[in-house]
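J.: This is the structure I have questions about; it appears just below.
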Amino acid sequence: MNIATINSGIQTQKQQLLNHSLYQKINTLEDLHQFVENHVYAVWDFMSLLKALQNKLTCTSTPWFTTPNPETRYLINEIVLAEESDLSIDGRRLSHFEMYIEAMQDCGAKTIGIELFLEEVNSLHNIFVAIKKSNLHPNIKEFLDFTFRVIEEGKPHKIAAAFTFGREDLIPKMFTEILKNFQSKFPANDLRKLLYYFERHIELDADEHGPMAMKMITELCGEDPKKWSEVEEISIQALEKRITLWDAIEEQILLKAEMV
């Protein structure tokens, strides 16, 4: 098994995501607000997948020791550099999560939901309890729970699978679809930071992070058929969770429209 085999095995889920009816439901600024206010949880937990990989593949504690694979060490450190300290639209160093929060504020979306959730995560010191106690949509809870279960299991190739095939590999195509709708329906000056965030992801993930993440998977699995099989299984599950996240956002957009 290899990357090509994995890509073939997840085509059904990828097509479901790329053709999801959610994209056609974002027709007003209020719809956009519903989207970003729910999608922000995926932006945040992505950073946890990223740091879990860095913790597993590099030495992030003292005393320092070399880790077994310099290639995976380099790959994850390069991705972390951009994701955690990229250049914002106005030239400041920010993580992509911070960029997204600023973009939400810039377009008039509420950030209080994610802020309160993160306060709860910080105070409880248990991500699973925080997720369970939250008032988030059940699909979003399920999405987050899956991410942190994979992290908790601690197998680098599984974390990399959720990171790569569930996120990085899809982002350019998904966000391109979203951008097409956004640019045709909303004035660009209202969405300057949001558009920059999406375009930055398309640029980084298509040209750099996507291929690097694929190489990382190959390095981590090597010739081990069990690892490749687990990568495919986790990748399918990660995509299915993303589909249910999209379902939840679409449901909330439709509910909001009915209330108006």
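The values are calculated or read from the model by the stated rules, or taken from the named source; none is laboratory data. What you are looking at is a predicted structure, and each value in this text was computed from that prediction instead of being measured. Cβ sites come from the backbone with ideal geometry, for glycine too, and all protein chains shown count toward neighbours. We work out accessible area using only protein heavy atoms, side chains counted, and drop any ligands, DNA or RNA first. Shrake-Rupley method; radii C 1.70, N 1.55, O 1.52, S 1.80 Å.
J.: Looking at region 192-206, which of its residues are at pLDDT below 85, over 19 Å from Thr72 (Cα atoms) and open to solvent by less than 20 Å² (accessible area, probe 1.4 Å)?
T.: Within region 192-206, just His201 meets the criteria.
J.: Between residues in region 78-103 that are within 11 Å of Tyr197 (Cα to Cα) and residues that are open to solvent by 30 Å² or more (accessible area, probe 1.4 Å) and outside any loop (DSSP other than H, G, I, E, B), which pairs lie under 6 Å by C-beta distance while being six or more apart or on different chains?
T.: Ile89/Lys193; Ile89/Tyr196; Ser95/Glu84; Phe97/Trp44; Glu102/Lys193; Ala103/Lys193
Quick grid of which residues meet (1) surrounded by fewer than 15 Cβ atoms within 10 Å (Cβ to Cβ); (2) over 30 Å from Gln11 (Cα atoms); (3) more than 18 Å from the chain's Cα centre (by Cα):
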residue	(1), (2), (3)
Asn122	yes, yes, yes
Ile127	no, yes, no
Ala130	no, yes, yes
Phe146	no, no, no
His157	no, no, no
Lys185	yes, no, yes
Glu208	yes, no, no
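J.: What residue, among those in region 4-44 that are open to solvent by 30 Å² or more (accessible area, probe 1.4 Å) and β-branched (Val, Ile, Thr), is farthest from Phe198 (Cα to Cα)?
T.: Once the filter is applied, the top-ranked residue is Thr5.
J.: Kindly indicate whether Leu53 is touching a Pro at 6+ places or on another chain (Cβ under 9 Å) and either assigned to a strand (DSSP E or B) or surrounded by 17 or more Cβ atoms within 10 Å (Cβ to Cβ) (or both).
T.: It is true that Leu53 is touching a Pro at 6+ places or on another chain (Cβ under 9 Å) and either assigned to a strand (DSSP E or B) or surrounded by 17 or more Cβ atoms within 10 Å (Cβ to Cβ) (or both).
J.: To continue, here is another question. Check whether at least one residue in region 68-77 is in a helix (DSSP H, G or I), among the aliphatic types (A, V, I, L, M) and surrounded by 17 or more Cβ atoms within 10 Å (Cβ to Cβ), and report yes or no.
T.: Checking region 68-77: at least one residue is in a helix (DSSP H, G or I), among the aliphatic types (A, V, I, L, M) and surrounded by 17 or more Cβ atoms within 10 Å (Cβ to Cβ).
J.: If I ask for residues that are under 26 Å from Thr218 (Cβ atoms) and buried (at least 19 other Cβ atoms within 10 Å of the Cβ), which ones from region 78-114 would you list?
T.: Ile79, Glu83, His96, listed by residue number.
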